[in-house]
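Reading through the structure tokens given below for one structure.
The values are calculated or read from the model by the stated rules, or taken from the named source; none is laboratory data. Note that this is a predicted model, so its numbers are computed, not measured. Don't worry about glycine lacking a Cβ; one is built from the backbone with ideal geometry, like all the others, and counts go over all protein chains shown.
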Amino acid sequence: MPMERYYQPEIETAPREQIQALQDERLVKQVRHVWEHVPYYRKLMEEKGVTPDDIRSTADLHKLPFISKHDLRECYPYGMLAVPLKDCVRIHSTSGTTGKRVIAFYTQHDIDLWDDCCARAIVAAGGTDEDVCQVSYGYGLFTGGAGLNGGSHKVGCLTVPISSGNTERQIMFLMDLKATILCCTPSYAAYLGESMKEMGLTPDQIPLKAGIFGAEAWSEEMRQSIQETLGIKAYDIYGLTETSGPGVAFECSAQNGMHVNEDHFIPEIIDPETGEVLPDGVEGELVFTALDKEAFPLLRYRTRDICVLSHEKCPCGRTHVKMCKPRGRTDDMLIIRGVNVFPSQIETVLLNLGYPANYQIIVDRVNNTDTLDVQVEMTPEMFTDSLSEITQRQRQLVDGLRSMLGLTAKVTLVAPKTITRSEGKAVRVIDRRKI
Ligand code: DLL
């Protein structure tokens, strides 16, 4: 087993008391900074009867009001800005398609700390200055490209800022430059793997050794499948525009949860209904407080991601708390005939039965009853003219989905390559119900 490497070992492996002390100190300072410079949040605090004097350590965090997406829309575009605009050097924006997008602002200090977070993720995935890091996340307003680009520079990798799209060119650069690390969404990684397989490339011919994949939910089964096709270790990375972008949390060699960069962010799990803070191991909504961001320092931001935290000792030696793979979002949970369904549950059933992660979930309402139609793509090896074979496959999928969800779904098997591939975040769900 190779020695674990860290980008900033002193802080990544710091004893709990040291992390705690740093968080206490930074929180007190940050609350004052926000109170003094963000009138909107000051008003929220006043409404709750809290002043900066009430916040003496992280033990007082629960006294602060939450910030939600709604607040960010209210404040669009400059209302949450905590420094003069002249001190900001960049913006990024969320990928949402509905409503006003959230705009996040960065000072140079904010960019530096964000790049450090991404550098930690790259080193945790085995990256060094000898690596060629192909960044195939989108560049532009989306944070994926810029974040991993910054991290890759800090590590000293040769950075290939190719952005997403143009799969043929991706593969050409990857093979010609002998890229060893690939950064993109897991669905795009799966697509690249599929395309390389079709070109006759076997995992041992592909120079990659690791992938850093995030920005969307992906199952353990999908990890296995990508690892096998590309012959790599696939690491998860988490983040959101509101907290900088990727790198809020990242996976280490243990590959079982992501270390939250606790010197910069405090995570909490809350009951989404009551707002009550929940203990380790209990599932709830993930909330983040940014401890040392200057321009856009959100306190107790509700992510809507459903997650569990764990302080269990990690074999990698890092001491920062781990979050599990997000299990869904409070707003992408589908309620079908009264049953809660997460797209990730459907993905698990499909991949366990040997199907690729190319599927679409179509929900509709017919005669006042919800319908669930899962369109599943077959692999070329599965593709057949035999009706009985197709029927048997469909039955097996319907049974698998029923035992996972407790619901009967309609399954439609479709020919290979029918479901549109995504170069960024995949669109898995089409909800046609007009409720
Ligand atoms: O997706 C930032 C990012 C870029 C993360 C590249 C990782 C890699 P947004 O577009 O603002 O930012 O979307 C944030 O994406 O609240 C989650 O619901 C989801 N998400 C991000 N990472 C993961 C992950 C970027 N590893 C929203 N697993 C978040 C599951 C993820 N969901």
Scanning the range 158-179 residue by residue, those under 26 Å from the mean Cα position of the chain (by Cα), within 19 Å of ASP129 (Cα to Cα) and surrounded by fewer than 20 Cβ atoms within 10 Å (Cβ to Cβ) turn out to be LEU158, PRO161, PHE173
The residue from THR369, THR391, THR384, THR379 that alone is surrounded by fewer than 17 Cβ atoms within 10 Å (Cβ to Cβ), in the same structural domain as PRO416 (by TED's automatic domain parsing) and in contact with a Phe, Trp or Tyr (Cβ under 8 Å, 6 or more places away or on another chain) is THR379
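Residues checked against (1) of a type outside the set (A, V, I, L, M, F, W, C); (2) in contact with a Phe, Trp or Tyr (Cβ under 7 Å, 6 or more places away or on another chain):
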{"residue": "PRO161", "(1), (2)": "yes, yes"}
{"residue": "GLN170", "(1), (2)": "yes, no"}
{"residue": "ASP176", "(1), (2)": "yes, no"}
{"residue": "LEU182", "(1), (2)": "no, no"}
{"residue": "PRO186", "(1), (2)": "yes, yes"}
{"residue": "TYR191", "(1), (2)": "yes, no"}
{"residue": "GLU194", "(1), (2)": "yes, no"}
{"residue": "GLY200", "(1), (2)": "yes, no"}
Screening LYS48, LYS69 for residues that are under 24 Å from the mean Cα position of the chain (by Cα), more than 30 Å from GLU312 (Cβ to Cβ) and of a type in the set (Lys, Arg) leaves only LYS69
In the range 233-277, anything modelled with pLDDT of 95 or more, more than 15 Å from PRO326 (Cβ to Cβ), away from the ligand (no atom under 14 Å from the Cβ) and surrounded by fewer than 24 Cβ atoms within 10 Å (Cβ to Cβ) is listed as LYS233, SER253, ALA254, GLU262, ASP263, ILE266, ASP271, THR274, GLY275, GLU276, VAL277
Inside the range 202-226, the number of residues satisfying the requirement of being of a type in the set (S, T, N, Q), more than 11 Å from the ligand (Cβ to nearest atom) and within 25 Å of VAL429 (Cα to Cα) is 2
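Yes or no: the range 315-331 includes at least one residue that is more than 26 Å from ARG421 (Cβ to Cβ), surrounded by fewer than 14 Cβ atoms within 10 Å (Cβ to Cβ), away from the ligand (no atom under 16 Å from the Cβ) and assigned by TED's automatic domain parsing to the domain that holds GLN18.
Step one: of the range 315-331, the residues more than 26 Å from ARG421 (Cβ to Cβ) are 315-324, 330.
Narrowing further to those that are surrounded by fewer than 14 Cβ atoms within 10 Å (Cβ to Cβ): 315.
Subsequent filtering for residues that are away from the ligand (no atom under 16 Å from the Cβ) retains 315.
Checking the rest, the ones that are also assigned by TED's automatic domain parsing to the domain that holds GLN18 come to 315.
Yes.
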For MET80, are the conditions met, namely being within 16 Å of the ligand (Cβ to nearest atom), in the same structural domain as THR241 (by TED's automatic domain parsing) and touching a helix residue (DSSP H, G or I) at 6+ places or on another chain (Cβ under 7 Å)? yes
Scanning the range 121-143 residue by residue, those closer than 20 Å to GLU4 by Cα and of a type in the set (S, T, N, Q) turn out to be THR128
Of the residues in the range 196-214, those that are of a type outside the set (Lys, Arg) and under 22 Å from ASP236 (Cα atoms) come to MET196, PRO203, ILE206, PRO207, LEU208, ALA210, GLY211, ILE212, PHE213, GLY214
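Condition check ((1) assigned to a helix (DSSP H, G or I); (2) of a type in the set (Gly, Ala, Ser); (3) away from the ligand (no atom under 16 Å from the Cβ); (4) exposed (fewer than 15 other Cβ atoms within 10 Å of the Cβ)) across all residues:
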| site | (1), (2), (3), (4) |
| --- | --- |
| GLU347 | yes, no, no, no |
| TYR355 | no, no, yes, no |
| VAL363 | no, no, yes, no |
| GLN375 | no, no, yes, no |
| MET404 | yes, no, yes, no |
| SER422 | no, yes, no, no |
| ALA426 | no, yes, no, no |
query = Can we say PHE288 is under 15 Å from PRO65 (Cα atoms), within 15 Å of the ligand (Cβ to nearest atom) and free of Cβ contacts under 8 Å to residues at least 60 places away in the same chain?
reply = yes
So, first residue over 20 Å from ASP71 (Cβ atoms) in the range 297-317, second residue of a type in the set (Val, Ile, Thr) and in a strand (DSSP E or B), Cβ within less than 7 Å, six or more apart or across chains; the pairs are CYS307/ILE269; VAL308/ILE269; LEU309/ILE269
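Would you check if THR408 is under 27 Å from the mean Cα position of the chain (by Cα), in a loop (DSSP other than H, G, I, E, B) and surrounded by fewer than 14 Cβ atoms within 10 Å (Cβ to Cβ)?
Working: under 27 Å from the mean Cα position of the chain (by Cα): no; in a loop (DSSP other than H, G, I, E, B): yes; surrounded by fewer than 14 Cβ atoms within 10 Å (Cβ to Cβ): yes.
So THR408 does not fit the description; no.
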PRO65 passes all but one of the listed conditions (1) under 26 Å from ASP331 (Cβ atoms); (2) free of Cβ contacts under 8 Å to residues at least 40 places away in the same chain; (3) assigned to a loop (DSSP other than H, G, I, E, B); the exception is number (2)
> Does ILE111 meet the test of being in a helix (DSSP H, G or I), at negative phi and surrounded by fewer than 21 Cβ atoms within 10 Å (Cβ to Cβ)?
Replying inline: yes
